[in-house]
Amino acid sequence: MTDKTTAPATHQTEEEERPAVQALPSVEETARESREQRGEPQSETERETLFAVDDLTVRYGKKPAVEDVTFDIYKNNITALIGPSGCGKSTLIRCFNRMNDLIPAASIEGHIRYHGQDLYDPAVDAVEVRKRIGMVFQAPNPFPKSIFENIAFGPRVLGTKKKSDLDDIVEEALTRAALWDDVKDRLDDNAYGMSGGQQQRLCIARSIATKPDVVLMDEPCSALDPISTGKIEDLMMELKKDYSIIVVTHNMQQAARVSDMTAFLMVQLDDDEENPRGRLVEYNQTDKIFTNPADERTEQYVSGRVG
């Protein structure tokens, strides 16, 4: 049996001199730090309701994708939708600008009120809704045009024709998206020549060029590297001063870092039915969701024990 006390002293010294390995912050710690950086969230009485979702059910054919969802989304907040794959997050976010209208088999029950107006009232024009509520998708999808034309396209369709006005809009949008310094000397280059992270920021710039009220983001960082993801998150925090943002994410750390409110959805299967459907389990301020959730299923998911 080896006597450990006979080990060379130099080995012990080397061990002592090695820097300690710092543990990565937990999701709960990230939520607390982000809350401190943002300041205390507003109380519910101080918030302005942007969307009021009431008993919302979305079906594809006869099968419900999400069912009986009720919650409010507040102005100038970042609201994260989290949950395992298949729980209806993308279906839900597409309801806010009526993108599900483009799916023939999709049907909506219940109500979504936007500034008090029912989005699904027959008198409401879906195209007008999408002018006010822009969307950024999971994979960057720039138009096969120049960088300039990607930004100018929307404002031009909406009636802006003067070149000097378009120049100002393009510069402002690219500046807000932290892209102007990178591309100001190559605005005529095809957008496909940009990196993936730059393309996604271009898509965000394109979405805000038309001055929407809301920006929807469906997993905007899932195809990006960590550096590009960090830039998108910084951009989201900056944009919420002027826009309301709803984001779908599978990244718990991201939800904890950037969002003010978090909605947790989960797939549920009733004993007497075969069709799974997504249901809202819990909705609250982000720091409460990650540090003191009210529902055990939420705690299991955000801690990584399920999902």
Any residue at all in region 218-229 that is charged (D, E, K, R), at pLDDT 95 or above and farther than 15 Å from residue 135 by Cβ?
no
When residue 306 is evaluated against the numbered criteria (1) modelled with pLDDT of 95 or more; (2) of a type in the set (Val, Ile, Thr); (3) in contact with a Lys or Arg (Cβ under 9 Å, 6 or more places away or on another chain), which criterion, by number, is the only one it fails?
(1)
For region 207-231, the count of residues that are touching a residue at least 40 places away in the same chain (Cβ under 8 Å) and either under 22 Å from residue 152 (Cα atoms) or β-branched (Val, Ile, Thr) (or both) equals 11
Selection within region 120-135 - over 21 Å from the mean Cα position of the chain (by Cα) and crowded, with 17+ Cβ neighbours inside 10 Å:
120
The residue that is nearest to residue 67 (Cα to Cα), considering only those in region 94-131 that are modelled with pLDDT under 95 and of a type in the set (Lys, Arg), is 130
Select, from 112, 151, 103, 204, the only residue that is β-branched (Val, Ile, Thr), more than 28 Å from residue 241 (Cβ to Cβ) and in contact (Cβ under 8 Å) with a residue 12 or more places away in the chain.
103
Selection count where residues are surrounded by fewer than 20 Cβ atoms within 10 Å (Cβ to Cβ) and at pLDDT below 95, scope region 168-180:
2
Filter region 209-228 down to the residues that are among the β-branched types (Val, Ile, Thr) and either crowded, with 21+ Cβ neighbours inside 10 Å or not in a helix (DSSP H, G or I) (or both) and list them by number.
210, 214, 215
Here are 138, 117: which of them is under 30 Å from residue 55 (Cβ atoms), exposed (fewer than 15 other Cβ atoms within 10 Å of the Cβ) and among the polar types (S, T, N, Q)?
117
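The values are calculated or read from the model by the stated rules, or taken from the named source; none is laboratory data. Just so we're clear, the structure is a prediction, and the values are computed from it rather than from any experiment. All Cβ positions, glycine included, derive from the backbone under ideal geometry; neighbour counts span all protein chains shown.
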